[in-house]
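The values are calculated or read from the model by the stated rules, or taken from the named source; none is laboratory data. What you see is a predicted model, and the numbers here were worked out from it, not measured in a lab. No Cβ is skipped: glycine too gets one built from the backbone with ideal geometry, and neighbour counts run over all protein chains shown. Surface areas here come from the heavy atoms of the whole protein model, side chains and all, with no ligands, DNA or RNA. Shrake-Rupley method; radii C 1.70, N 1.55, O 1.52, S 1.80 Å.
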Amino acid sequence: MAAAAIHQFAECITCHAWSPDHSMIAFCPNNNEVHIYKFFTDKWEKLHVLSKHDQIVSGIDWSRSSNKIVTVSHDRNSYVWTQEGHDWVPTLVILKVNRAALCVQWSPKENKFAVGSGAKSVCICYYEQDNNWWISKVVRKKHESSVTSVAWHPNNILLATTSTDGKCRVLSTFIKGVDTRGSHASTSTDWKFGEQIAQLDLSSMWAFGVRWSPSGKTLAYAGHNSMIYFIDDVETSPAAQNLALRDLPLRDILFLSERTVIGVGFDCNPMIFSADETGLWSFVRYLDERKVTTSTSRASQLSEAFGKLYGQSKQVASSDTVEPSKPRGGVHENCITCIVPLRKGNDSIVKRFSTSGLDGKIVVWDAENHIDIKK
């Protein structure tokens, strides 16, 4: 079975993140708190509850080198949590937004983090040593709607975003005094802060789950129209591929390698995509495949076809009740909203990853032994 571990932590989980050594996990149980659990011998025990936010926590990221946790919430605030002894001490980050903060991610060098918001803006936050606080610079007037996801390029300068305006954008986040210009000529350090490098108008619906490949050569994101998009050479001459899905839309994606991608979303089952030697992407299979009999499979396909045609659940003529819909996935029983890599050291290939969703489960998946990861 591809699922190496299944943990039922809550009734619903908004987002989650792992500690650098993967011994602890932080997640939001769909409220204003962040719970931190640690695994002891044979069970998980709750160690801390981070409760500074006033509304639902919408994003969590745990830095691998500095061991800091950043959280964002619908209360329009962000906190950076630093462990001092046995306690986690929060530091408020002023985001300068008048709408909910929706997503957050540390930069590769962990000297900045990006926050997407419902205020049609992105905040690039960094630590100011002189005043001993975290401040933010805001990229405004680039997005026409809420920013749903952010992803850092490996060069620590470029930032990709998706929005409910259906567009994916690549922006420069170069901050003087924080980022350094390399000794060799680099185009990315010549761009000004907030400068738009590319705008991709591939989706006609909301866009989610943007990610860069390990080398930063390929960019991928999902559309709410059941499409996934792959773009090569975004900085110079973008070449895009659109891949239509047969089922429900994706909410988040993850590159396992340069040529292997995992997508998760409303089908409740991770989907595997891969690229061939020519760079052509295609859907491979569901990761959590279930064995069903031929008759059951044909019956379910027929039922699903009628359901899609009439837009309603199958009804039994001899009963006044409606047959409840069955879970679409195997391990997860509701929409998967978050996927997090479990990397070891500087390995560019992700061999294990975790997913969380609206069913309150956090599932650890063994990719190394169940997926043909193409380098």
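Could you point to the residue in V178, T164, C125 farthest towards the positive end of the range 86-178's charge dipole, with +1 and -1 charges on the Cβ of Lys/Arg and Asp/Glu respectively?
Toward the positive end, the furthest listed residue is T164.
Order of 196-209, 39-52 by packing, highest average Cβ count within 10 Å first?
Put in order of decreasing packing, that is 196-209, 39-52.
So for the chain, what are the equivalent ellipsoid semi-axes in whole Å, largest first, each being the square root of 5 times an eigenvalue of the Cα gyration tensor?
Values: eigenvalues 230, 128, 83 Å².
The answer is 34, 25, 20 Å, longest axis first.
For a protection proxy built on the mean count of beta-carbon atoms within 10 angstrom, sort 218-225, 109-116 highest first, please. Intermediate results must be reported in sequence, preceding the final value.
Numbers: 218-225: 24.0, 109-116: 22.5.
Per-residue mean Cβ counts within 10 Å order the peptides as 218-225, 109-116.
Can you list the HN-Hα couplings for the range 222-230, worked out from phi with the Karplus curve (6.51, -1.76, 1.60; θ = phi - 60°), rounded to whole Hz and with x for Gly and Pro?
So the J values, rounded to whole Hz, are 10, x, 6, 9, 6, 10, 10, 10, 10.
Express the carbon and sulfur contribution to the solvent-accessible surface of the range 1-54 as a percent, rounded to the nearest whole number, probe 1.4 angstrom.
44
How much of S78 can a 1.4 Å solvent probe reach, expressed as accessible area in Å² and rounded to 10?
It works out to around 0 Å².
Tell me, what does the Kirkwood hydrodynamic radius of the range 1-144 come to in angstroms if you use every pair of distinct C-alpha atoms?
For the range 1-144, inverting the mean 1/r across all distinct Cα pairs yields 15.8 Å.
For the range 197-290, state which GluC sites (Glu not before Pro) are in a DSSP loop and have at most 14 other beta carbons lying within 10 Å of their beta carbon. Spell out each step's value before the answer.
On the way: sites: E235, E258, E277, E289; in loops: E235, E258, E277, E289.
Those satisfying the criteria are E277, E289.
Pull up all non-local amide H partners of A198: gap of 5 or more, or a different chain, and H-to-H distance under 5 Å with H placed in the peptide plane.
Here the answer is V170, since their amide H atoms fall under 5 Å of that of A198.
Before I look further, what does the chain give for accessible area per residue, probe 1.4 Å, in whole square angstrom?
I get 48 Å² per residue for this part.
Apply 1/(1 + (r/R0)^6) to the Cβ-Cβ distance of Q196 and I94, taking R0 = 22 Å, and write down the FRET efficiency to the nearest 0.05.
Efficiency for this residue pair is about 0.35.
For K361, which lysines qualify as cross-link partners when the Cα separation must be under 19 Å and same-chain residues fewer than eight apart are set aside?
K38, K43, K46, K326
Across the range 77-148, how many lysine pairs, 8 or more apart or on two chains, come within less than 22 Å at their alpha-carbon atoms?
Final tally of qualifying lysine pairs is 13.
So what's the net charge close to V115: Lys and Arg +1, Asp and Glu -1, counting the other residues with Cβ under 12 Å from its Cβ? Write out the running numbers ahead of the final one.
Numbers: positive: R76, K96, R99, K112, K137; negative: D61.
Summing Lys and Arg as +1 and Asp and Glu as -1 gives +4.
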